[in-house]
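The values are calculated or read from the model by the stated rules, or taken from the named source; none is laboratory data. A quick note: this is a predicted structure, and the numbers were derived from the prediction, not measured. Backbone-built Cβ (ideal geometry, glycine too); neighbour counts: all protein chains shown.
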Amino acid sequence: MSTRGDAAYQGPGSQPRTYRRPVSILWWLHKRSYAFFVLRELSAVFVAWAVVLVLLLVRAVALGEAEYRGFLDWAGTPWVVVLDVVTLAFLVLHAVTWFNLTPAAMVVRVGSRRLPPAAVAGGAYAAWVVVSALVAWLVMR
Amino acid sequence: MVKRRSEPLLWLLFSAGGVMAAIFLPVLVFLFGLAIPLGWLPEPSRERVLGVLGHPLVALVLLGVCALALFHWAQRFRYTLFDGLKLKAHQGVINRTVYTLAVVGSVAALAVLWQAVAARAG
């Protein structure tokens, strides 16, 4: 039974017995685009760390003056600063790749006309700038 | 294994979390992880920061940002483990672990933000 014109196809429910070359665990280092893909995936780890950082801040601020002071001192220690620099770099990577993909994931229509992809991405970047400015203003004013 | 029915919801949470993380987290890490601790910007007083973070509306937004970002992390991280580290064979354990962590983290976010709202209120 070769309904798919495939010599290895042996009927429904059966696994085709094809040879699979073992793939190295470092397969993603073989090509720049693969490495970039994995870096983008890894950004999620830093997203999680950013959430932890924000919650540590909220907790410290809720507890009191001394705890707030302690948080800022801790955040200023070299290892935490290095971690946060790397975190910020990955967050920007995440944001840029996310916004650039937005037009592909979301088709925006105005009336019957489709908004050009560049406008959708532009809107996402604009939202980023506005929210960042608003947060900075709320905290620093 | 995560049931097939829940996959669309998990992808929705992933996308929503991706947007929230992209829009809100860079500025927060820049301000409170670098600029303020390193003295690039004048240090806002605790009252000022509590006044903002403990505002019920801000806390609600932050709860959404934190919870959705954690579900975004869970989705991406499990695929990193499946593909990057070739651990697809263990997907049952991995799915349970990452989503349990996302739920625990979200509950922690709720508790901490509630503390801040209560502290601001008096």
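For the range A:23-43, the set of residues classified as facing another protein chain (nearest Cβ under 10 Å) and in contact (Cβ under 8 Å) with a residue 40 or more places away in the chain consists of A:Arg40, A:Leu42, A:Ser43, listed by residue number. Filtered by the rule that a residue be within 19 Å of A:Leu83 (Cβ to Cβ), of a type in the set (A, V, I, L, M) and at the interface with chain B (Cβ under 7 Å from one of its Cβ atoms), the range A:44-65 gives A:Ala44, A:Val45, A:Val47, A:Ala48, A:Ala50, A:Val51, A:Leu53, A:Val54, A:Leu55, A:Leu57, A:Val58.
Test A:Val82 against the criterion of being within 21 Å of the chain's Cα centre (by Cα) and farther than 15 Å from A:Arg40 by Cβ, and give yes or no. It would help to see each step written out before you state the result.
Numbers: within 21 Å of the chain's Cα centre (by Cα): yes; farther than 15 Å from A:Arg40 by Cβ: yes.
Here the answer is yes, as A:Val82 does meet what is asked.
Among the candidates A:Thr77, A:Thr87, single out the residue that is out of contact with any Leu (no Cβ under 7 Å at 6 or more places or on another chain), farther than 20 Å from B:Leu12 by Cα and touching a residue at least 24 places away in the same chain (Cβ under 8 Å).
Values: A:Thr77 fails: touching a residue at least 24 places away in the same chain (Cβ under 8 Å).
Exactly one of A:Thr77, A:Thr87 is out of contact with any Leu (no Cβ under 7 Å at 6 or more places or on another chain), farther than 20 Å from B:Leu12 by Cα and touching a residue at least 24 places away in the same chain (Cβ under 8 Å), namely A:Thr87.
Matching residues to (1) acidic (Asp, Glu); (2) modelled with pLDDT under 95; (3) more than 18 Å from the chain's Cα centre (by Cα):
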| site | (1), (2), (3) |
| --- | --- |
| B:Ile36 | no, no, yes |
| B:Ala67 | no, no, no |
| B:Gly84 | no, yes, yes |
| B:Val93 | no, yes, yes |
| B:Tyr99 | no, no, no |
| B:Val104 | no, no, no |
| B:Leu113 | no, no, no |
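Quick check: anything in the range B:66-79 at the interface with another protein chain (Cβ under 7 Å from one of its Cβ atoms), surrounded by fewer than 22 Cβ atoms within 10 Å (Cβ to Cβ) and without any contact (Cβ under 8 Å) to a residue 12 or more places away in the chain? The answer is yes, given that some residue of the range B:66-79 is at the interface with another protein chain (Cβ under 7 Å from one of its Cβ atoms), surrounded by fewer than 22 Cβ atoms within 10 Å (Cβ to Cβ) and without any contact (Cβ under 8 Å) to a residue 12 or more places away in the chain.
Let me confirm something: among A:Val92, A:Val52, A:Val82, A:Val96, which residue is under 22 Å from B:Val103 (Cα atoms) and of a type in the set (Val, Ile, Thr)? First the steps, then the outcome.
Values: A:Val92 fails: under 22 Å from B:Val103 (Cα atoms); A:Val82 fails: under 22 Å from B:Val103 (Cα atoms); A:Val96 fails: under 22 Å from B:Val103 (Cα atoms).
Unique residue meeting the criteria: A:Val52.
In this structure, is B:Ala118 of a type in the set (Gly, Ala, Ser) and more than 7 Å from chain A (Cβ to nearest Cβ)? In short, yes.
Looking at B:Gly17, B:Gly105, B:Gly33 in this structure, which one is within 9 Å of another protein chain (Cβ to nearest Cβ), touching a Ser or Thr at 6+ places or on another chain (Cβ under 8 Å), of a type in the set (Gly, Ala, Ser) and in a helix (DSSP H, G or I)? Steps first, answer last, please.
Numbers: B:Gly17 fails: touching a Ser or Thr at 6+ places or on another chain (Cβ under 8 Å); B:Gly105 fails: touching a Ser or Thr at 6+ places or on another chain (Cβ under 8 Å).
The conditions single out B:Gly33.
The numbered conditions (1) facing another protein chain (nearest Cβ under 8 Å); (2) of a type in the set (A, V, I, L, M); (3) surrounded by fewer than 21 Cβ atoms within 10 Å (Cβ to Cβ) are all true for B:Ile23 except (3). Residue count for the range A:106-141 satisfying the condition of being at negative phi, exposed (fewer than 11 other Cβ atoms within 10 Å of the Cβ) and not in a helix (DSSP H, G or I): 6.
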